[in-house]
Structure formats: structure tokens, C-alpha cells
1. When the scattering of region 136-262 is computed by the Debye formula from its Cα atoms alone, each counted once and equally, what is log10 I(q)/I(0) at q = 0.10, 0.12, 0.19 Å⁻¹?
2. Can you pull the three principal axis extents for the Cα set of region 440-596, in Å, largest first?
3. Restricting things to Cα coordinates, could you compute the convex hull volume per residue of region 116-191 in Å³?
4. Between THR572 and HIS54, with labels modelled 7 Å along Cα→Cβ, what's the label distance in nm to one decimal, could you check?
5. How large is the accessible surface per residue of region 88-224, computed with a 1.4 Å probe and reported in Å² as a whole number?
6. Where in the chain lies the longest segment free of GluC sites (Glu not before Pro) that are both loop residues by DSSP (not H, G, I, E, B) and have at most 14 other Cβ atoms within 10 Å?
7. Using the Karplus curve 6.51 cos²θ - 1.76 cosθ + 1.60 with θ = phi - 60°, work out ³J(HN,Hα) for each residue of region 392-405 in order, rounded to whole Hz, and write x for Gly and Pro.
8. Taking the Cβ of LYS135 as the center, what net charge do the other residues with Cβ under 13 Å away carry, scoring Lys and Arg +1 and Asp and Glu -1?
Amino acid sequence: MEDITRGGQFLVKETKCENVFTPEDFTEEQLMMRDSVKEFVDKEIWPFKDRFEHKDYAYTEETMRKAGEMGFLSVAVPENYGGMGMGFVDTCLVCDYISGATGSFSTAFGAHTGIGTMPITLYGTEEQKQKYVPKLASGEWFGAYCLTEPGAGSDANSGKTKAVLSEDGTHYNITGQKMWISNAGFCSVFIVFARIGDDKNITGFIVENDPSNGISMGEEEHKLGIRASSTRQVFFADTKVPVENMLAGRGEGFKIAMNALNVGRIKLAAACLDAQRRVTSNAINYANERVQFNTPISSFGAIRYKLAEMATSTYAGESATYRAAKDIEDRIKAREAEGASHQEAELKGVEEFAIECSILKVAVSEDVQNCADEGIQIYGGMGFSEDTPMESAWRDARIARIYEGTNEINRMLSVGMLIKKAMKGHVDLLGPAMKVQEDLMGIPSFDTPDYSELFSEEKEMVAKLKKAFLMVAGAAVQKFGMDLDAHQQLLMAAADMLIEIYMAESTILRTEKMAKKQGEAKVQEQVAMAKLYLYKAVDIVAARGKESIISFAEGDEQRMMLMGLRRFTKYTNMPNIVGLRETITAKLVAENSYCF
């Protein structure tokens with residue numbers, strides 16, 4: 001297992017394009033699954049978007065039952081509990097293509113298959129799994145997840161809900177209030193987190209939804225988006241829960257919650273991808289059909305700019321999400337090969353790549369929002385109307401930056417987890433960071449490099465961006481040590497650098513792999529997108545790096561680091577950005593859809 005890349009190592013280890021998984025690597029079985037999901041969405045969800053937008057909760061439940069009948073709810077469930085037992089890439093693939101038509105169904109699906117079912121699959125006893133998982137896998141029952149409280153949001157472990165053991169020791173009485181509970185209106189079973197006594201950490205419980213057992217609900221919340229996703233407050237008043245329904249051990253609820261979020265973060269990124277594809281395709285359709293000044297607006301440079309950027313962010317999101325998904329799958333398989341149970345292997349496999357999961361959650365959730373925003377702009381006044389799909393896409397996208405941990409929390413987590421991995425010796429940051437310091441003191445080479453091979457300069461740029469991050473993060477750790485957590489603005493800036501490095505590198509590696517297989521001439525639009533994404537990433541790294549340096553360094557140290565940042569973000573051959581966008585948009589307009 002030593003040869004398998006560890007989480008966070010992308011920053012200090014060169015990754016070859018042959019070693020990344022891309023959407024072009026899907027097997028025939030995966031492509032059949034994708035097409036089956038797309039057919040289901042195009043038949044059962046997309047034509048009925050107005051029902052979701054008009055809060056038809058019953059139709060959300062009905063569609064979920066149909067998804068269960070098709071087997072889509074059971075993809076990640078092991079076969080011995082009634083599931084398909086498919087790999088991690090497959091689960092992301094289904095999540096991707098089933099989620100693009102409406103955020104209402106996407107949320108119901110994600111809440112049920114992820115945080116509603118997964119905690120039992122991964123932490124439950126054999127008896128718990130046999131009792132609950134087959135019903136959840138088939139769609140006979142639906143699951144919900146009760147963690148958030150009025151006073152416990154991002155600080156998940158601060159919940160006030162109490163669990164008190166009965167005098168005869170047969171059950172716990174749970175009392176408390178939970179809010180923002182997805183699927184509450186039609187769920188059969190809750191995963192509930194409560195505190196026993198004065199325990200430091202919360203504990204998880206499986207609680208069946210029985211109104212006669214002290215369970216009541218508030219009215220459906222009226223929300224900006226995901227309007228037909230059932231979202232209610234849930235109240236527990238001395239709700240009796242058998243002791244055998246404790247999930248994992250006492251005080252282990254916080255661990256369950258955090259690991260569920262790791263999986264949820266990469267699945268959320270996947271769930272945003274087809275939404276971006278659909279928004280981009282709709283925008284292209286409209287731009288080709290809308291005529292102003294006797295010309296389709298798709299021929300106007302201002303519109304072509306938007307279409308190119310929308311397609312590029314979609315392509316980058318695909319590249320990075322499936323790269324990480326396969327890395328996780330490989331880690332899971334390696335642990336199983338060493339004798340670990342499915343439960344342990346999946347938990348540790350996802351936990352290993354928690355940094356990448358946070359990166360993806362932030363990057364793709366922000367990209368889908370920007371994509372929908374530009375979609376509205378391309379539609380103009382019609383984009384603001386409920387008669388077109390853009391405004392609902394924009395509203396639905398907004399929640400993605402909040403749940404599964406806010407983007408602010410995830411930015412800080414990504415850098416914090418990386419530093420912890422370095423301190424544990426899982427990722428060697430110290431050696432490369434010291435090497436960067438030596439490079440800064442040395443005389444730069446003035447030789448003319450050979451950039452004749454595809455992406456030779458771009459890959460060198462990515463390597464330099466990694467040096468920029470190591471320079472800034474290394475100096476910040478030296479200065480603040482364990483107090484770095486208190487400097488949130490600095491962590492946020494460092495996270496933006498980290499995010500852009502991973503996304504840009506993933507996009508380049510995917511495209512390089514395609515070019516080697518198909519020939520550069522056949523993937524010139526993908527080459528243009530990879531170069532365009534990197535160009536923008538370099539600017540972000542330069543800006544956020546400068547902001548960081550001048551916030552904590554002074555005098556000679558500051559001057560040296562700023563000089564280094566300029567060196568690490570300098571192109572030898574600046575790409576023609578307008579030309580790149582034109583290459584991308586020409587293909588999009590000709591195909592009349594997102595076609596990559």
C-alpha cells in the first residue's frame with residue numbers, strides 16, 4: 001500500500017497523468033449505469049421541475065421510491081444488506097448524474113443514501129445493519145440525519161439534546177430539538193445525536209419515526225431553494241430508544257458525524273457536476289437561439305467569454321472529483337486486501353483523503369453557483385423568470401456552500417488537516433518547505449527552458465505554485481505554531497492557494513492523459529480549458545499569497561517572500577487567453593451543448 005498516494009501528497013509528490021482516473025476511463029458497466037440514471041432523470045425529474053419548484057413534497061417522495069425500485073438508492077450498500085455493493089467511483093457517478101435536474105431531489109437523495117443510511121452501514125452492529133439497511137437500500141424506508149440544533153451548527157459537538165438511561169437499563173430517553181432536518185417529512189428512521197450525562201462528545205442513536213413515541217415536527221421550512229426537499233424541525237420528548245439502538249459506542253457520535261461529512265463533501269461536489277452541465281448546455285442553447293442586432297448572441301464576445309468560463313469550471317470539477325474518487329476507491333481496496341472489514345476500509349479510505357474532500361466541496365459548490373449566475377445573465381431578463389430553468393438552478397446552488405460544513409469551515413479544515421498530517425509524518429511538508437527556502441536564497445536559472453512538449457510549461461507552473469504554497473504556509477507555521485488556528489483570514493487565503501493547485505493540476509493531468517491516447521489535435525478544446533483554468537489559478541495564488549505575506553511578514557523576510565512569489569507565479573510564455581476562450585466556445589456553440 002506504500003505505493004498508493006496518500007491524502008494531501010499531491011502537494012509534494014509529482015503525479016503522472018497515467019496514475020489519475022478520469023471520466024474518459026469509465027468502464028462499459030459504468031457508462032451503462034450513467035445512461036440508466038440519465039434516462040431516469042430525463043423521464044421522471046426534468047419534465048416535472050415545476051412540481052418541485054411548487055413544493056410538491058409528495059412528488060419528491062414518490063420519485064425517491066421510484067429511484068429505490070431502480071436500485072439507485074442501493075449503489076453504495078454492500079450486497080449482503082440488499083445493495084449493489086459498487087465501488088466508490090460508481091457511487092459518485094450515480095450521485096453526479098441523478099442530482100443535476102433539481103436540488104430538491106438531489107438533497108433528498110443525498111440525505112438518504114449518505115447521512116441517512118451510511119452511518120448504519122459503516123458503524124452499525126450486524127443486527128442493526130440486518131434490521132435497517134435492506135429497507136433503506138430498497139426505498140421501502142427513508143432515512144434522515146438529526147445533528148444540527150439552534151445552538152449547534154458548525155460547532156456540531158455542542159448540541160444540547162440529552163439521552164438519559166432508564167432505571168431498568170433497557171432504553172434511553174432522548175429529549176431535545178433538531179433543525180434543518182432533510183427528509184424529515186417522510187422519513188422512517190432518524191440518525192439522532194444526543195449527549196449522555198456530561199460526556200465530552202455526543203453519541204449516535206438509530207431512532208424509528210413513531211409520533212406516539214414523543215416525536216413531533218415543525219411545519220415545512222420555506223426556503224430560498226431546494227423547495228420540495230422536506231426540511232423540518234424535529235422535537236424529541238422522552239423518546240424511548242432501546243439501548244441496542246446506540247450507534248457505535250458511547251461518546252463516538254462526533255466521530256460518526258465528522259466521517260459522514262467527509263464522504264458527504266466529495267458526494268456534494270459530484271452532485272453539483274451535472275447541474276453545471278445542464279446549466280451550461282441550456283445557456284448555449286439559448287445563446288444560439290436568441291437573436292439581437294440580427295445576430296445570435298452566441299457570436300458576441302461577451303457571451304462567448306461566459307460560455308468558455310462555465311464549461312472550463314465544469315470540466316475542472318469533473319477532473320478533480322473523479323481523480324479523488326478513484327484515489328479513495330484504491331485506498332479502500334488496499335485496506336480490504338490487507339484484511340480490513342468493508343466498514344473499516346471505507347471509513348479509513350475516505351478519511352485518508354479528507355483534505356481533497358474539503359477542497360472539492362468548496363471549489364465545485366462555488367463554481368456551480370457562478371455557473372448558474374452567468375446562466376441567468378446570458379438569458380437576460382428571461383433568466384430572472386420562473387419560466388426558465390436558470391433562476392431555480394441559481395437558488396438551488398446556494399445551499400451547497402452551506403451544508404456539509406460551510407465553505408469557510410472547509411477552507412480552514414483543508415489547511416489544518418494538511419498541517420496535522422505533516423506533524424504525524426503522513427505527508428512530508430517540512431523537507432519540501434525547507435528546499436523552497438534554499439531556492440529563494442539561490443540564484444535563479446536564466447537558461448531558456450524547452451517547452452516543446454504539451455503542458456511542459458504548465459506542469460512546471462503547477463510545481464512552482466506548490467512552492468508558493470509551501471513558502472507561505474511554512475513561514476506561517478514557523479511564526480504562529482499551534483496558534484495558527486486563530487488566524488482564520490490567513491488560513492482562508494492559504495486554502496484558496498491549495499484549492500487552485502489541486503483543481504488546476506487535476507485538469508491538466510486529465511487532459512494530458514487524453515492527449516496521449518487520442519492525439520493532441522483531437523483534444524484541442526480540452527487543452528484550451530486546462531490552460532485557461534491554470535492561468536486564472538496562477539492569478540489567484542499570486543493574489544492570495546501576496547495578501548498572506550504582507551499580513552504576517554516584515555522587512556527583509558517580506559521582501560524575500562514577495563520576490564519568491566513573483567518568481568513562482570511568472571510565466572515564460574503567457575497564453576493567449578482570448579484565443580483559448582474562442583477555441584472552447586467555438587466547439588460549444590457548434591455542438592449546442594456542454595460536450596466534453
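The values are calculated or read from the model by the stated rules, or taken from the named source; none is laboratory data. Keep in mind it's a predicted model, so treat the numbers as computed, not measured. Counting neighbours? That spans all protein chains shown, and the Cβs are built from the backbone with ideal geometry, glycine included. Ligands, DNA and RNA are stripped out before the accessible areas are found, and what is left, the full protein with its side chains, is counted by its heavy atoms. Shrake-Rupley method; radii C 1.70, N 1.55, O 1.52, S 1.80 Å.
1. -0.29, -0.42, -1.07
2. If we take the Cα atoms of region 440-596, the spans are 53, 37, 26 Å.
3. Here the figure is 116 Å³ per residue.
4. 6.3
5. I get 35 Å² per residue for region 88-224.
6. Answer - 15-139.
7. Once rounded to whole Hz, the list reads 5, 4, 5, 5, 5, 5, 5, 5, 4, 7, 10, 7, 6, x.
8. Result for the neighbourhood of LYS135: +1.
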